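Input: a single structure, listed below in C-alpha cells.
Values in this text are rule-based calculations from the coordinates and carry no lab data. In this text, all values refer to a predicted model and were calculated from it rather than measured experimentally. No Cβ is skipped: glycine too gets one built from the backbone with ideal geometry, and neighbour counts run over all protein chains shown.
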Amino acid sequence: MGKIILTGDRPTGRLHIGHYVGSLRRRVELQNSGEFEKIYIMIADAQALTDNADNPEKVRQNIMEVALDYLSVGLDPEKVTFLIQSQIPELTELTFYYSDLVTVSRLQRNPTVKSEIQMREFEASIPVGFFTYPISQAADITAFKATTVPAGEDQEPMLEQAREIVRKFNQTYGEVLVEPSISLPTNETCRRLPGIDGKAKMSKSLGNCIYLSDTEKEVSDKVRQMYTDPTHLKVSDPGHIEGNVVFTYLDAFVKEDSFEKYLPEYQNLDELKAHYEKGGLGDVKIKNFLKAVLEEELAPIRERRHYWEARIPEVYEILKSGTEAAEKVAAATLTDVKNAMKINYFEDPEWIAEQEAKFTK
Ligand code: TRP
C-alpha cells in the first residue's frame, strides 16, 4: 500500500513563518517528492472551535486565510486534496467510537494539551471538546489511513495518542486502521521557532509573529525590532548567540548560497557567529542579512498569495471539491470501522438471521 499524508492546521489566524519552517515547507517538499499516493491537507475548523466556542466568527473568517496561506507556499491543488474538517461528519462519528478506547487519565497526561490548558487559563473550566481533541485528531488521521503526518514537534503527543488508539482498535476489532508516524523538520531550530521577542514560541496570542502574508515593509519593521542580545550595546562588544533571535532565524532560513548572495565577506553561519561572539559585528548588519534571506523566501509566497487572492471563487471550488472527495474516503473507513465493530445491523445479514433464530422456538 502506498504512503498517504494527512495534516492540517486550526484556522484561528493567518499562518506565520513558524508554521512555515515547522511544517509547511516540509509539506511542499513531500508533495514534490512524488513518494506519496495521496496528500490530504485539512483546515481543522472543528478543532479550532473546541476553544473558540464563543467566537465562531474568528474561525469562519480564517478558513480562507489559511487556504490562501497553503496555496501561497506552493501546495498544489493538482497534487493535494484540501478539506474542511467540519464538513465531514464521518470524522465526528469516528471520534465518538474512539472515545471508548481512551481513558480520562490518559488524556490528562498529554503534554501539549496540558500546556495549552495552562496557556489559556482554563483551570476548572476546560471545555470537554478541547480536552478530547486528541481523539478527534486520531479520527482525522486514521479516516484517511494516513501513514505520515508532517507537523511540528508539538504534535508528537497527538500522534502517540493516535497510534495507541489504532493499536487498541485493531487488537479489539481486527486490523482496520493504519498506524501513522510524524514527519518532523530535520533542522532542530525549525521545530520550535521563537517569536521576534525571543519568547518561547511564535504565537498569534503573544503578537510576536512574522506572517507569511506580511508585506516586505512589515517584515522589515519586525526584523528591526527583533530581540538580539541585550548585553551587546556597542558594535565592539562581544555578543551572545544563545537566545539571539536573529541567529535562530538565520539557522532556520540560511541556504547554501545565502552568503555568496547577500554577505560575501563571510563563508558561512559559523564564521558569522564567531565574529559576533568575538565583538566587532553590529546588529544592523546581521539584521540586514536576515532581511535579505527572509525576503528571498517570502517574496514568491507573497506573489502567489496575490495570484490566489484575485481568484477566490476558484479557491472556494478547490475547497469544496476537495472536501467532497475526502468525505468519500472517510465514509469508506467509517464503514470498515463499523463492520469491524459489528455495528452495521442493516448491512449484516448474520445479525438478523441470528436474531430470528434466537427468537423462533
Ligand atoms: N492540531 C493541529 C493544530 O494545532 C491541527 C490538526 C487537526 C492536525 N487535526 C490534525 C494536524 C491532524 C495534523 C493531523 O494546528
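Near residue 38, the amide H atoms lying under 5 Å from its own belong to 5; only residues 5 or more places off or on other chains count, and H is placed 1.01 Å from N.
Across the alpha-carbon atoms of the chain, the computed radius of gyration and Dmax are 23.6, 98 angstrom. Radius of gyration over Kirkwood radius for the range 48-165, both on Cα atoms: the Rg/Rh ratio is 0.96. Each residue of the range 27-39 was assigned a 3J(HN,Hα) from its phi angle through the Karplus expression (A = 6.51, B = -1.76, C = 1.60, θ = phi - 60°), giving 4, 5, 4, 5, 4, 7, 6, x, 7, 10, 6, 9, 10 Hz with x at Gly and Pro. Mean separation of Cα pairs under 8 Å and 6 or more residues apart, divided by the residue count, gives the range 204-361 a relative contact order of 23 percent.
Computed from the C-beta positions of residue 255 and residue 35 and an R0 of 30 Å, the FRET efficiency is 0.85 to the nearest 0.05.
Computed from the Cα positions only, the extents of the range 93-140 along the three principal axes stand at 29, 17, 16 Å, in decreasing order. Value of Rg to Rh for the range 194-248, rounded to two decimals, is 1.01; Kirkwood radius and Rg both from alpha-carbon coordinates. FRET efficiency for the pair residue 321 and residue 288, taken as 1/(1 + (r/R0)^6) with r the Cβ-Cβ distance and R0 = 41 Å, rounds to 0.40. Here residue 167 and residue 312 are evaluated by their C-beta separation; at R0 = 41 Å the FRET efficiency comes out at 0.45. Our estimate of slack between residue 224 and residue 242, defined as 0.36 nm per intervening residue step minus the Cα-Cα distance, is 4.6 nm. The helix-only estimate of mean residue ellipticity at 222 nm for the chain, built from DSSP H runs of length n ≥ 4 each weighted as -39500 (n - 2.57), is -16500 deg cm²/dmol after division by the residue total.
Could you give log10 I(q)/I(0) at q = 0.12, 0.15 Å⁻¹ for the range 252-361, computed by the Debye formula over C-alpha point scatterers of equal weight, without solvent? Log-scaled intensity ratios, in q order: -0.71, -0.83.
If we count GluC sites (Glu not before Pro) as exposed when they sit in a DSSP loop and have at most 13 other beta carbons within 10 Å, what is the longest stretch of the chain that avoids them all? Mind showing how you got there, number by number?
On the way: sites that count: 35, 78, 121, 123, 175, 242, 256, 265.
With a cap of 13 other Cβ atoms within 10 Å, the longest stretch comes to 266-361.
Compared with the rule-of-thumb size 2.2 N^0.38 Å for a compact globular protein, the range 181-309 has a Cα radius of gyration ratio of 1.08. The relative contact order of the range 121-198, computed from alpha carbon pairs under 8 Å that lie at least 6 residues apart in sequence, is 33 percent.
About its Cα centre, the range 45-93 has a charge dipole of approximately 80 debye under the convention of +1 per Lys or Arg Cβ and -1 per Asp or Glu Cβ, with nothing else charged. Using the Karplus relation 6.51 cos²θ - 1.76 cosθ + 1.60 with θ = phi - 60°, the per-residue 3J(HN,Hα) values for the range 344-361 come to 10, 3, 7, 10, 10, x, 4, 4, 5, 5, 4, 4, 4, 4, 5, 9, 9, 8 Hz, with x marking Gly and Pro. The H on the amide N of residue 149, modeled in the peptide plane, is under 5 Å from the matching H of 181, 182, 183, each at least 5 residues off or on a different chain. Take the Cα of residue 215, step 7 Å along the line toward its Cβ, and report every residue of the range 268-292 whose backbone nitrogen sits under 19 Å from that point. Only 291-292 fall inside the zone, counting backbone N under 19 Å. Compared with the dominant Cα axis of the chain, that is its longest principal axis, helix 269-278 is turned about 50°. For the range 138-253, the percent of C-alpha pairs falling in each 10 Å distance bin, counted from 0 to the bin holding the largest distance, reads 12, 31, 24, 18, 11, 4, 1.
In which sequence would 130, 169 go, from the one with the fewest C-beta neighbours within 10 Å to the one with the most?
Numbers: 130 18, 169 23.
By the 10 Å Cβ count, ascending, the order reads 130, 169.
Short-range pairs are left out: with C-alpha atoms under 8 Å and at least six residues apart, the relative contact order of the chain is 21 percent.
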